[in-house]
Amino acid sequence: MRLFSIFGNPVSHSISPRMHNLAIKGLGLNACYIRTLLQDGNQIIDIFHILGLDGANVTVPHKEYAFGLCDERIGIANTIGAVNTLVKKDNLIYGYNTDADGFYRAIASFGALESVLILGAGGTAKAIATILKEKGLHVEVLNRSQARLAYFVDKGISANTWENFKAKKFDLIVNTTAAGLTDDVLPLDKGILKTLFADAHFAFDVIYNKKTQFLKLAKEMDKESQDGSAMLLHQGVLAFDLFYDHRFDLETITTHMRQAFKL
Ligand code: NDP
């Protein structure tokens, strides 16, 4: 039997086990996907081996530890500096980042975009900014504080704090901040957000299964919007595809995993 897990802290809320076990069951595979509460990120690879895992997903706050400790980092994970998927092959642990492509697949329904403003500058913002830049879109980052902006500036991405930002037209506004996750606050001053939405076509909040104030304001202003469910779904589909070395059709995996959501 093959064994997979998600590592996180906290991890009890994660729906990854449900998504992956639905795909395992739907495809008739001899496997199981469990959840593992990991306190110390430094132990991620040791615990991976102790549990006898074939693959894993990694969530907050361990993605940077996974990046640093896996044997090989593949593709866009190298630019982002974070790994959310670990795959064991020939006794080596390979690290991937499927959050970036998961986001890109999620926004496909918006159609062609030229410019995107990302609110927040944490790990998720890095993944999203990197994939959008790679795809040739104009990307800017807006964060409440300075410290995390160096990563973006270093990669040639315009990044501002609230103090020095001047509002202009963007096709899509993405909230990657934790504002709205456990509270009901907006990620940015309401007046500035209204100015941005007035010119934008779309809004995306990476927070899932919740109508945040950000999404409510977008709706009030008649903007097409999405929460983070589709991103979560697609990062999971792409991780499963890596676990099984591209053996199954992505659409089939998606159909099984989608049952975990109200999509
Ligand atoms: P980080 O902790 O790395 O970054 C959080 C960012 O939010 C920082 O830029 C921080 O600003 C900003 N921030 C926090 N609180 C506020 C606030 N009240 N107002 C304005 N800005 C704020 O988090 P992650 O990037 O790892 O995760 C962010 C969100 O993404 C989480 O809600 C997580 O659940 C979600 N997520 C969703 C996924 C999906 O598949 N849908 C995948 C991965 C994550 P500062 O720098 O000033 O501290």
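The values are calculated or read from the model by the stated rules, or taken from the named source; none is laboratory data. The structure presented is a predicted model; accordingly, all values stated were derived computationally and were not measured. Reconstructed Cβ throughout: ideal geometry from the backbone, glycine too, with neighbour counts over all protein chains shown.
Quick notes on this structure:
- Criterion: of a type in the set (A, V, I, L, M, F, W, C), without any contact (Cβ under 8 Å) to a residue 12 or more places away in the chain and over 15 Å from Ala106 (Cβ atoms) - qualifying residue of Ala150, Ala167, Ala179, Ala200: Ala150
- Residue check, Leu142 closer than 25 Å to Gly75 by Cα, hydrophobic (A, V, I, L, M, F, W, C) and crowded, with 17+ Cβ neighbours inside 10 Å: no
- Test: residue in region 166-182 that is farther than 24 Å from Arg148 by Cβ and within 13 Å of the ligand (Cβ to nearest atom): no
- Qualifying positions in region 150-174 - surrounded by 19 or more Cβ atoms within 10 Å (Cβ to Cβ), among the aliphatic types (A, V, I, L, M) and farther than 15 Å from Ala200 by Cβ: Ile157, Ala159
- Of all residues in region 225-241, those that are in contact (Cβ under 8 Å) with a residue 12 or more places away in the chain and among the polar types (S, T, N, Q) have Cβ atoms under 9 Å from Cβ atoms of residues that are near the ligand (Cβ under 7 Å from one of its atoms) and part of a helix (DSSP H, G or I), 6 or more apart or on another chain, in Gln235/Asp99; Gln235/Gly102.
- Of the criteria (1) hydroxyl-bearing (Ser, Thr, Tyr); (2) buried (at least 23 other Cβ atoms within 10 Å of the Cβ); (3) in contact with a helix residue (DSSP H, G or I) (Cβ under 6 Å, 6 or more places away or on another chain), which one Thr177 fails: (3)
- The single residue among Val185, Val141 that is in a strand (DSSP E or B) and within 11 Å of the ligand (Cβ to nearest atom) turns out to be Val141.
Let's see how each residue does on (1) farther than 18 Å from Leu232 by Cβ; (2) surrounded by fewer than 18 Cβ atoms within 10 Å (Cβ to Cβ):
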{"residue": "Ile47", "(1), (2)": "yes, yes"}
{"residue": "Leu69", "(1), (2)": "yes, no"}
{"residue": "Arg73", "(1), (2)": "yes, no"}
{"residue": "Thr79", "(1), (2)": "yes, no"}
{"residue": "Ala108", "(1), (2)": "no, yes"}
{"residue": "Gly111", "(1), (2)": "yes, yes"}
{"residue": "Leu117", "(1), (2)": "yes, no"}
{"residue": "Ala125", "(1), (2)": "no, no"}
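Yes/no matrix, rows are residues, columns are (1) touching a helix residue (DSSP H, G or I) at 6+ places or on another chain (Cβ under 9 Å); (2) of a type outside the set (Val, Ile, Thr); (3) away from the ligand (no atom under 13 Å from the Cβ); (4) more than 18 Å from Gly41 (Cα to Cα):
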position: Ala56; (1), (2), (3), (4): yes, yes, yes, no
position: Lys63; (1), (2), (3), (4): yes, yes, no, no
position: Arg73; (1), (2), (3), (4): yes, yes, yes, no
position: Asn84; (1), (2), (3), (4): yes, yes, no, no
position: Asn91; (1), (2), (3), (4): no, yes, yes, yes
position: Asn97; (1), (2), (3), (4): yes, yes, no, no
position: Glu114; (1), (2), (3), (4): no, yes, yes, yes
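- Hey, Leu92 in contact with a Pro (Cβ under 7 Å, 6 or more places away or on another chain) and farther than 17 Å from Ser14 by Cβ or not: no
- Assessment of region 248-260 against the conditions (modelled with pLDDT of 95 or more and farther than 30 Å from Cys32 by Cα) yields no matching residue.
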